[in-house]
Amino acid sequence: MTAKPKGLAKWIIVATVISATMLELIDTTIVNVALSQISGNLGATIEDASWVITAYAIANVIVIPMTGFLASYFGRKNYYLTSILIFTFASYMCGQSGSLWELVAWRFIQGVGAARC
């Protein structure tokens, strides 16, 4: 059994979890608002650009049911930190994407990381 964090360590953990959760929530909704901009900038139709939202949702639906197993297998802390790293790197790569399907692929990976956040 592990010791419970006390004092400042406890509040750092709380701030980290809240920050990661807020980023995931904002990231989930921001694409809905920017969908027409995404389709215009990448030269795609709205129907094709909607795959950006769909890929993220599919990744979440795949990974969320496995979260309990993965957390127990890798450890909660390791799994959480890895998820944050995957989410952050995929977010950066989404910003660097030059085509719609590249963006869809990175959004899928971002959804994998976000499933735990």
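The values are calculated or read from the model by the stated rules, or taken from the named source; none is laboratory data. None of the values given here were measured: they were computed from a predicted structure. Glycine also receives a Cβ, built like all others from the backbone with ideal geometry; neighbour counts cover every protein chain displayed.
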Are any of the residues in the range 46-59 touching a residue at least 12 places away in the same chain (Cβ under 8 Å) and farther than 30 Å from Ser99 by Cβ? no
Taking Glu102 as meeting all but one of (1) more than 19 Å from Asp48 (Cβ to Cβ); (2) surrounded by fewer than 18 Cβ atoms within 10 Å (Cβ to Cβ), write down the number of the exception. (1)
List pairs: first residue in the range 1-20 and over 17 Å from Tyr80 (Cα atoms) and touching a residue at least 60 places away in the same chain (Cβ under 8 Å), second residue aliphatic (A, V, I, L, M) and exposed (fewer than 11 other Cβ atoms within 10 Å of the Cβ) anywhere in the structure, Cβ distance under 9 angstrom, at least six positions apart or on different chains. none
Give me the residue from the range 61-91 that is surrounded by fewer than 12 Cβ atoms within 10 Å (Cβ to Cβ) and of a type in the set (Phe, Trp, Tyr) and, out of that set, farthest from the chain's Cα centre (by Cα). Tyr73
When every residue in the range 19-36 that is of a type outside the set (Val, Ile, Thr) and exposed (fewer than 11 other Cβ atoms within 10 Å of the Cβ) is compared, the one modelled with the highest pLDDT is Ser36
